[in-house]
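Report on the following structure.
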Amino acid sequence: MQTTHHPDPRLDAQFYDGVPAKRLVAWALDLIVVIGICLAFIIASLGLMAFFIPVLAFAANFCYRAFCLHKWSATLGMRAVGIEVRNSAGDRVNTAQAVFHTGLFIFIFMSVLGIFANFLSILLNDKGQALHDLLLGTVVINCPAD
């Protein structure tokens, strides 16, 4: 019995084609956006925010990802490569799911072991789900034509 309403990777492979590579590119693009946000805050504060880079980076990353996932079910990097997050019902994520997805993503990426486990998870399961996707029942797919 299937407990999620995600596309089946065997029957609907087009939803998963190239998603692991696209996730990597999207992650790199999102990293550039977050660095840009941090630099903007540092410049706007005349350099004072440079003393709080870890807090600034965490806050910028969290707010950016949660806002984008809530608004579009995808970050700007994900939108650029044509992928989005879907919840276990097959719908776009809601606000609470966006916040939890972002929180787990950041928590897992706080250690090298977490990053390694996340990438292995994406490569080794049939839907290309990262650890935070597995925990929340979400999946990243190619954007369907609406």
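The values are calculated or read from the model by the stated rules, or taken from the named source; none is laboratory data. From a predicted model like this one, the values you see are computed outputs, not experimental measurements. Cβ sites come from the backbone with ideal geometry, for glycine too, and all protein chains shown count toward neighbours. Surface accessibility is based on the protein's heavy atoms, side chains included, excluding ligands, DNA and RNA. Shrake-Rupley method; radii C 1.70, N 1.55, O 1.52, S 1.80 Å.
When segment 133-146 is filtered for residues that are among the charged types (D, E, K, R) and surrounded by fewer than 16 Cβ atoms within 10 Å (Cβ to Cβ), only Asp146 remains. Return yes when Ile53 is out of contact with any Phe, Trp or Tyr (no Cβ under 8 Å at 6 or more places or on another chain), closer than 28 Å to Ala96 by Cβ and surrounded by fewer than 14 Cβ atoms within 10 Å (Cβ to Cβ) and no when it is not. Considered against the rule, which asks whether it is out of contact with any Phe, Trp or Tyr (no Cβ under 8 Å at 6 or more places or on another chain), closer than 28 Å to Ala96 by Cβ and surrounded by fewer than 14 Cβ atoms within 10 Å (Cβ to Cβ), Ile53 comes out as no. The set of residues from segment 118-146 being within 13 Å of the chain's Cα centre (by Cα) and in a strand (DSSP E or B) comprises Val139, Val140, Ile141. No other residue among Leu135, Leu120 is aliphatic (A, V, I, L, M) and over 19 Å from Ala28 (Cα atoms) apart from Leu135. Residue count for segment 1-30 satisfying the condition of being among the hydrophobic types (A, V, I, L, M, F, W, C), open to solvent by less than 80 Å² (accessible area, probe 1.4 Å) and in contact with a Gly (Cβ under 8 Å, 6 or more places away or on another chain): 5. With respect to Ala130, is the statement that it is more than 15 Å from Ala66 (Cβ to Cβ) and surrounded by 13 or more Cβ atoms within 10 Å (Cβ to Cβ) true? When the stated conditions are applied, Ala130 passes them. Of all the listed residues (Leu56, Leu104, Leu29), the sole one being in contact (Cβ under 8 Å) with a residue 40 or more places away in the chain, hydrophobic (A, V, I, L, M, F, W, C) and in a helix (DSSP H, G or I) is Leu29.
In segment 98-126, which residue that is of a type in the set (S, T, N, Q) and under 19 Å from His6 (Cβ atoms) is surrounded by the fewest Cβ atoms within 10 Å (Cβ to Cβ)? Ranking the candidates gives Asn125 first. Against the test of being in contact with a His (Cβ under 8 Å, 6 or more places away or on another chain), free of Cβ contacts under 8 Å to residues at least 60 places away in the same chain, over 24 Å from Gly18 (Cβ atoms) and β-branched (Val, Ile, Thr), the options Thr95, Thr138 yield a single qualifying residue, Thr95. Of the residues making up segment 36-50, those that are of a type in the set (A, V, I, L, M, F, W, C) and open to solvent by less than 80 Å² (accessible area, probe 1.4 Å) are Ile37, Cys38, Ala40, Ile42, Met49, Ala50.
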